[in-house]
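Let me begin by presenting the structure, written as structure tokens, before commenting on it.
The values are calculated or read from the model by the stated rules, or taken from the named source; none is laboratory data. Computed from a prediction, not measured in an experiment: that's the story for all the values here. Heads up, the Cβs are rebuilt from the backbone with ideal geometry, glycines too, and the neighbour counts pull from every protein chain shown.
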């Protein structure tokens, strides 16, 4: 996963994370705990760890199929750009 932040007039910040490091079973368990703790009511109650693991597996599969898939692209009015690619 690559995060690119380009602020107008400043240096570009590039951050690269190994996708397998971000999307694995441990982070799925941590995400499940965070959702149950911080999402109020019924919205996060039905989310199980195996559902999040399934999502993580699918993201890893998408990384192999589409290596530079753009997940987020934000352009502000003052010239700042943020890109997150898989």
Mind listing whichever residues of segment 33-47 are exposed (fewer than 14 other Cβ atoms within 10 Å of the Cβ) and part of a helix (DSSP H, G or I)? 33, 34, 36, 37, 38, 41, 42, 43
Any hit, segment 34-53, residues being out of contact with any strand residue (DSSP E or B) (no Cβ under 6 Å at 6 or more places or on another chain) and modelled with pLDDT of 85 or more: no
Name the single residue that is nearest to the chain's Cα centre (by Cα) among those in segment 48-75 being part of a loop (DSSP other than H, G, I, E, B) and within 16 Å of residue 23 (Cβ to Cβ). 69
From the option list 4, 30, single residue qualifying as assigned to a strand (DSSP E or B), out of contact with any helix residue (DSSP H, G or I) (no Cβ under 8 Å at 6 or more places or on another chain) and surrounded by 11 or more Cβ atoms within 10 Å (Cβ to Cβ) is 4
Go through (1) surrounded by 10 or more Cβ atoms within 10 Å (Cβ to Cβ); (2) part of a helix (DSSP H, G or I) one by one and return the number of the condition residue 14 breaks. (2)
